[in-house]
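Below you'll find the structure, written out as structure tokens, and then a few comments.
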Amino acid sequence: MNALGVEGLIKDFGGLRAVDHITLSVAPGERLAILGPNGAGKTTFFNIVTGLLAPSSGRITLLGHDVTRLPTHRHGTSFALTSKPKMRAGRRSRPLFVPSVGK
């Protein structure tokens with residue numbers, strides 16, 4: 001059983017497709033990085049997985065339970081900031097977000 005499963009996730013904002021058919025699985029104890037340029041849909045993807053946004057289509061499972069349409073407070077997911085952004089020579093370091101799955 002996967003800790004997190006995402007199947008065919010799509011998010012449209014009007015005529016703009018921000019997330020296009022994402023499918024992935026994360027096993028318990030596995031770590032996964034989501035990388036991409038600005039505007040690639042990373043934040044939208046995280047907002048869908050945590051229940052802040054509803055997907056246009058697709059399915060999200062946590063520990064085998066379908067949570068696709070559950071409200072945020074019942075989702076059982078959170079994302080934690082693992083490094084403090086610091087100012088260095090006029091630039092901010094990028095924070096790393098790690099999913100936490102459970103109740």
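Among the criteria (1) under 19 Å from Arg74 (Cα atoms); (2) in a helix (DSSP H, G or I), the one Ala54 does not fulfil is (2). For Gly36, the test of being at pLDDT 85 or above, part of a loop (DSSP other than H, G, I, E, B) and in contact with a helix residue (DSSP H, G or I) (Cβ under 9 Å, 6 or more places away or on another chain) is passed. Within the stretch 57-78, the set of residues being at pLDDT 75 or above and either within 22 Å of Gly29 (Cβ to Cβ) or part of a strand (DSSP E or B) (or both) comprises Ser57, Gly58, Arg59, Ile60, Thr61, Leu62, Leu63, Gly64, His65, Asp66, Val67.
Checking the structure you have, find out if any residue of the stretch 40-48 is of a type outside the set (A, V, I, L, M, F, W, C), part of a helix (DSSP H, G or I), in contact with a strand residue (DSSP E or B) (Cβ under 8 Å, 6 or more places away or on another chain) and modelled with pLDDT of 90 or more. Yes, the conditions are met somewhere in the stretch 40-48.
Taking the criterion of being assigned to a loop (DSSP other than H, G, I, E, B) and loosely packed, with under 11 Cβ neighbours inside 10 Å, the residues of the stretch 2-26 that qualify are Gly14, Gly15.
The values are calculated or read from the model by the stated rules, or taken from the named source; none is laboratory data. Treat the numbers as computed from the prediction; the structure is a model and nothing was measured. As a convention, Cβ positions derive from the backbone with ideal geometry for all residues, glycine included, and neighbour counts pool all protein chains shown.
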